[in-house]
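The values are calculated or read from the model by the stated rules, or taken from the named source; none is laboratory data. Note that the structure is a prediction, hence the values are computed from the model and not measured. Note that we place each Cβ from the backbone using ideal geometry, even for glycine, and neighbour counts take in every protein chain shown.
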Amino acid sequence: MQTGKILGISGPTVSVDLKGLKLYERVFVGHGLLTGEVVRLERSHAVIQVYEETRGLGVGEPVKGLGMPLTVRLGPGLIGGMYDGLQRPLERMRKEMGPFIRVWKEMYGLDYMKRWDFIPSVKPGDELQYGMIIGEIQEGAFKHYLMCGSEQGTVARIASGDISLDEPFGEFTGGLEIPGCHEWPVRMPRPYRKKFAPVTPLVTGQRIIDFLFPLARGGAAIIPGGFGTGKTIFEQSVAKFADVDIVVYVGCGERGNEMADLIAEFDELEDPWTKRRLRDRTILVVNTSNMPVAAREASIYTAVTMAEYYRDMGYNVLFLADSLSRWAEALREISTSLEEMPGEEGYPTYLASRLSSFIERAGVVETMNGRIGSLSMILSVSPPGGDFTEPVTQACLRTTGAFFMLDTSLAHRRHFPAINWFQSYSLYAGDLSEHYCREVAPEWEELRRRCNQILQQEESVREVAEIVGIEGLQDADRLVMRVAERIRTEFLGQNAYSDDAFSPPDKTLVLIRSIVEYHDRAAERLKQGATLDEAMKGEQ
Ligand SMILES: Nc1ncnc2c1ncn2[C@@H]1O[C@H](COP(=O)(O)OP(=O)(O)O)[C@@H](O)[C@H]1O
Ligand SMILES: [Mg+2]
């Protein structure tokens with residue numbers, strides 16, 4: 001391990017005199033062994049981004065290069081865990097060090113002492129290559145398929161039965177150990193064989209999404225909105241109700257108490273699809289506003305790499321981040337302290353390319369072991385002042401397939417989720433409608449068209465009403481306004497604190513069908529000469 005000294009400190013970055021470092025190599029900084037990553041190499045020094053509080057760090061303190069990049073450890077026991085941005089187990093850390101952790105010691109995200117029952121699926125003589133499955137472990141409700149990491153070769157011996165990650169799971173010919181877990185560099189997407197177009201729905205339980213702006217498994221969506229428009233509630237609702245195997249939730253730079261509430265709820269609530277405890281399908285990565293800024297930058301990579309790991313076993317994984325803007329701000333802060341040339345609004349010029357290569361980690365793939373897994377993303381964005389032309393929203397828009405636009409005026413009227421039904425879109429809608437028509441009801445697409453039509457008619461009727469007054473409207477138009485109001489309040493609106501928080505597709509269908517049929521019957525009675533009151537009363 002190479003060692004050197006700190007030459008200077010500037011916010012979250014330090015310069016060091018260490019020779020022979022590589023770009024993105026992980027380093028330990030100072031007596032407290034703070035984790036950092038090499039972000040720039042100069043002839044005379046290297047610059048390191050430190051992921052922890054640099055206060056108290058002094059010039060001259062030692063620095064060690066670890067010879068490898070920032071990695072996460074991947075193995076059984078991640079599900080149900082809560083980690084910081086560097087995959088350190090928060091609960092275990094708090095237990096061992098108390099709430100006021102100043103110097104974070106190295107702690108692994110995996111429990112090396114826990115005992116597992118390992119069922120091997122390879123035998124001596126088998127040739128192992130990267131990504132191949134070597135056996136399985138029951139991790140809670142999930143079959144955890146252990147995959148071959150970067151160590152490859154011919155199996156000489158393979159373990160079976162009771163084992164911990166501290167022990168070798170086998171041996172290759174030549175004596176190299178087969179480990180039960182492996183490390184993966186967080187900034188490098190895990191490989192797969194093939195990517196497919198996302199064509200099956202990811203049911204969120206939110207009617208406005210599933211019905212109007214559906215998300216596909218393997219797709220990516222952003223939900224931008226100003227302060228208080230409901231980003232966090234939306235992300236949390238989806239984390240609770242989404243029809244996926246595993247949820248990876250990153251609380252990135254937002255309030256700590258929100259995460260605490262979420263965890264308490266997840267310990268109690270059930271996954272509506274499997275009736276198992278929500279916590280048992282969730283991995284939480286927490287880097288809230290009270291934690292070091294630079295680790296926020298790493299946190300989304302740490303989290304997405306764990307998500308890819310379970311995707312590689314053939315699971316449907318949903319990655320949720322709240323909020324990506326706080327990640328971008330951390331990136332900006334680091335870039336500023338590196339004195340890089342600023343781009344739009346002070347963000348580094350590589351903001352858009354970083355974001356798009358991150359979002360491209362979503363997808364439906366054939367994994368290296370031939371299974372089909374998916375990684376879907378829903379990312380919240382908090383544009384300052386609710387201005388959607390700002391760089392983070394714009395950069396995300398270029399790579400995501402769905403846009404759920406939160407509308408401040410809807411939130412003010414307490415219409416939640418405050419997703420604007422005219423401005424939002426989903427590029428997955430075409431393919432997914434076919435699926436919903438086939439799997440839920442053949443009239444799904446027709447009802448969707450009618451719903452949109454009534455909402456649009458309401459807009460134009462409203463314009464007319466502004467000129468002639470409500471009284472001046474024809475009965476048919478007044479009916480449209482009444483029905484559109486029902487669509488907005490009873491169908492698109494969904495109170496996260498009520499029994500209606502989760503709406504499976506059959507409930508969604510029944511609701512919209514009853515409203516559209518109500519409209520059609522009342523319109524028919526109007527045609528036959530009934531007054532508006534009579535036409536609508538007939539329904540009660
Ligand atoms: N689906 C919902 N049902 C009921 N209330 C909601 C819903 N979404 C948001 N709210 C209300 O809006 C407030 C702000 O939501 P929040 O998600 O914290 O906003 P943001 O994260 O965008 O700042 C919540 O405290 C809640 O009162
Ligand atoms: Mg929030």
Item to complete: State whether the residues of segment 333-341 include one that is within 20 Å of the chain's Cα centre (by Cα) and in the same structural domain as residue 315 (by TED's automatic domain parsing).
Response: no
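Look at segment 236-256 and say how many of its residues are surrounded by fewer than 19 Cβ atoms within 10 Å (Cβ to Cβ) and either within 11 Å of ligand 2 (Cβ to nearest atom) or under 24 Å from residue 219 (Cα atoms) (or both). So that I can check it myself, show each step before the final result.
Going residue by residue through segment 236-256, those that are surrounded by fewer than 19 Cβ atoms within 10 Å (Cβ to Cβ) are 255-256.
Narrowing the set further to residues that are either within 11 Å of ligand 2 (Cβ to nearest atom) or under 24 Å from residue 219 (Cα atoms) (or both) leaves 255.
The total comes to 1.
Scan 371, 326 and give me the residue that is basic (Lys, Arg), within 16 Å of ligand 2 (Cβ to nearest atom) and assigned by TED's automatic domain parsing to the domain that holds residue 234.
Details: 371 fails: within 16 Å of ligand 2 (Cβ to nearest atom).
Sole residue among the options that is basic (Lys, Arg), within 16 Å of ligand 2 (Cβ to nearest atom) and assigned by TED's automatic domain parsing to the domain that holds residue 234: 326.
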Worksheet entry | Every pair of residues 6+ apart whose Cβ atoms lie under 9 Å, when the first sits in segment 191-215 and is under 25 Å from residue 415 (Cα atoms) and crowded, with 23+ Cβ neighbours inside 10 Å while the second is modelled with pLDDT under 95 and polar (S, T, N, Q) | 214/433
Worksheet item: Looking at 154, 200, 204, 229, which one is of a type in the set (Ser, Thr, Tyr) and within 16 Å of ligand 2 (Cβ to nearest atom)?
Response: 229
Worksheet item: Taking segment 491-527, which residues are hydroxyl-bearing (Ser, Thr, Tyr) and under 21 Å from residue 269 (Cβ atoms)?
Response: 497, 498, 503, 508
Worksheet item: Which one is nearest to residue 198 (Cα to Cα) among residues in segment 411-433 that are assigned by TED's automatic domain parsing to the domain that holds residue 362 and either within 16 Å of ligand 2 (Cβ to nearest atom) or modelled with pLDDT under 95 (or both)?
Response: 419
Worksheet entry | Any hit, segment 218-233, residues being surrounded by 24 or more Cβ atoms within 10 Å (Cβ to Cβ), more than 16 Å from ligand 1 (Cβ to nearest atom) and assigned to a loop (DSSP other than H, G, I, E, B) | yes
Practice prompt. Grab the helices (runs of 4 or more DSSP H) fully contained in segment 373-446, keeping just those with 3 or more residues being touching a helix residue (DSSP H, G or I) at 6+ places or on another chain (Cβ under 6 Å).
Written response: 391-399, 429-439
Item to complete: Please specify each residue of segment 35-51 satisfying the condition of being polar (S, T, N, Q) and in a strand (DSSP E or B).
Response: 35, 49
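Within segment 237-272, track down each residue that is modelled with pLDDT under 95 and among the hydrophobic types (A, V, I, L, M, F, W, C).
252, 259, 260, 262, 263, 264, 266, 269
Kindly evaluate residue 119 against the criterion of being among the aliphatic types (A, V, I, L, M), over 28 Å from residue 25 (Cβ atoms) and touching a His at 6+ places or on another chain (Cβ under 6 Å). Steps first, please.
Values: among the aliphatic types (A, V, I, L, M): yes; over 28 Å from residue 25 (Cβ atoms): yes; touching a His at 6+ places or on another chain (Cβ under 6 Å): no.
Judged against the criteria, residue 119 is not a match.
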Worksheet item: Hey, does segment 294-303 have a residue that's under 11 Å from the mean Cα position of the chain (by Cα) and outside any helix (DSSP H, G or I)?
Response: no
Worksheet item: Assuming residue 395 fulfils every condition listed in (1) modelled with pLDDT of 95 or more; (2) not assigned by TED's automatic domain parsing to the domain that holds residue 223 apart from one, which condition is it?
Response: (2)
